[in-house]
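K.L.:
This is the structure, below, for whatever I ask next.
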Amino acid sequence: MDLIAIEEIKRLKYRYFRTLDLKQWSDFGDCLATDIKARYGTHAMGDPLHYDSREAVVRFMSENLGPQIVTVHIANHPEIDVDGSVARGTWAFEDTVLVPDYKMRIEGAGYYFDEYRKDPDGQWRITATGYERIYESRTSLADTPSFTLLANRWAENLPH
């Protein structure tokens, strides 16, 4: 068992979610292989989303999860199998998406299924990713009169 590779892949997946949530698009893109196959499915956005390049994934995320959207992704319970310079992994995840302009909260959970490759520069990158939802829910914050967003990293009128 290649414990060093497993730890590097764990750090990669954590960095993927951290840079996504913090909207650090260059660093987020560096988590992905240039030829990544990404398959995202969300009922909130309708049809499944399929992208076949780093550029396409970063463009979609940056255009759809910009500063008007607050996201938090938590991943745990990794199961990673390494075979030389390639690997496969599964992750349990939970996500929360706040859309203040539309007074909406989307929450969900599921399992990611990833493939990884150690590139010539020595860095592990995600070559394929997708997930299966266990659940996804949407709540109108207008239905929750007590909901108050006290801090928002990207809002000009709230503390960061």
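The values are calculated or read from the model by the stated rules, or taken from the named source; none is laboratory data. Bear in mind the structure is a predicted one, so any value in this text is a computation, not a measurement. No Cβ is skipped: glycine too gets one built from the backbone with ideal geometry, and neighbour counts run over all protein chains shown. Calculation scope for accessible area: heavy atoms of the full protein, side chains included, ligands and nucleic acids excluded. Shrake-Rupley method; radii C 1.70, N 1.55, O 1.52, S 1.80 Å.
K.L.:
Around Glu136, under 15 Å between beta carbons, what's the net of Lys plus Arg minus Asp minus Glu among the other residues?
P.N.:
Once positives and negatives cancel, what remains is -2.
K.L.:
Tabulate in residue order the Karplus-calculated ³J(HN,Hα) for region 96-113, using 6.51 cos²θ - 1.76 cosθ + 1.60 with θ = phi - 60°, rounded to whole Hz; enter x for Gly and Pro.
P.N.:
Running phi through 6.51 cos²θ - 1.76 cosθ + 1.60 with θ = phi - 60° gives 10, 10, 10, 10, x, 4, 10, 6, 9, 10, 10, 10, x, 7, x, 10, 7, 10 Hz.
K.L.:
Looking at Ala109, Ile6, Asn64, which one has the Cα that reaches farthest to the positive end of the dipole of the chain (charges on Cβ: Lys, Arg +1; Asp, Glu -1)?
P.N.:
Of the candidates, Asn64 comes out farthest on the positive side.
K.L.:
Sticking with this structure for a sec: Give the cross-link partners of Lys13 among the lysines, using a straight C-alpha distance below 22 Å as the criterion and excluding same-chain residues fewer than 8 apart.
P.N.:
Reachable lysines: Lys23, Lys37, Lys118.
K.L.:
Run down the aspartates and glutamates and flag those whose C-alpha is under 15 Å from the C-alpha of Lys103, throwing out any fewer than 8 positions away in its chain.
P.N.:
Asp143
K.L.:
Quick one, what does Rg over Rh come out to for the chain if you take C-alpha atoms and the Kirkwood Rh? Intermediate values should be presented prior to the final figure.
P.N.:
Working: Rg = 16.6 Å, Rh = 16.7 Å.
With Rh from the inverse mean 1/r over Cα pairs, Rg/Rh is 0.99.
K.L.:
Moving on. Compute the long axis of helix 54-64 from its Cα atoms, compare it with the longest principal axis of the Cα atoms of the chain, and write down the angle in degrees, 0 to 90, nearest 10.
P.N.:
10 degrees
K.L.:
Moving on. Cα convex hull of region 53-116: how many Å³ per residue?
P.N.:
Measuring per residue, one finds 90 Å³ for the Cα hull of region 53-116.
K.L.:
Can I ask one more? Quick one: putting +1 on the C-beta of Lys and Arg, -1 on the C-beta of Asp and Glu, what dipole do you get for the chain around its Cα centre, in Debye to the nearest 20?
P.N.:
The calculation lands at about 280 debye.
K.L.:
Would you mind getting the accessible area per residue of the chain, heavy atoms of the protein chains only, 1.4 Å probe, in Å²?
P.N.:
58 Å²
K.L.:
Counting other Cβ atoms within 10 Å, which trypsin sites (Lys or Arg not before Pro) in region 1-61 have at most 10 and lie in a DSSP loop?
P.N.:
Values: sites: Lys10, Arg11, Lys13, Arg15, Arg18, Lys23, Lys37, Arg39, Arg54, Arg59; in loops: Lys23.
For trypsin sites (Lys or Arg not before Pro) across region 1-61 that sit outside H, G, I, E and B with at most 10 neighbouring Cβ atoms in 10 Å, the list is empty.
K.L.:
If you don't mind, there's one more thing I want to ask. On the accessible surface of region 55-144, probed at 1.4 Å, how many percent belong to carbon and sulfur atoms?
P.N.:
48 percent
K.L.:
Let me ask something else. Roughly what would the spin-label model give for Glu115 and Met1, points 7 Å off Cα along C-beta, in nm?
P.N.:
With each label placed 7 Å out from Cα toward Cβ, I get 2.4 nm.
K.L.:
While we're on this one: If I model a spin label as a point 7 Å beyond the Cα along the Cα-Cβ vector, how far apart are those points for Arg39 and Leu150 in nm?
P.N.:
4.2 nm
K.L.:
Name the residues whose placed amide hydrogens come within less than 5 Å of the amide hydrogen of Met104, ignoring near sequence neighbours (fewer than 5 apart) on the same chain.
P.N.:
Excluding prolines and chain starts, which carry no amide H, the hits are Val99, Leu141.
K.L.:
How far apart, in nm, are the 7 Å Cα→Cβ label points at Val99 and Asn157?
P.N.:
Between Val99 and Asn157, the label points sit 2.0 nm apart.
K.L.:
Can you give me the angle between helix 3-21 and the longest principal axis of the chain, using Cα atoms only, in degrees from 0 to 90, rounded to the nearest 10?
P.N.:
30 degrees
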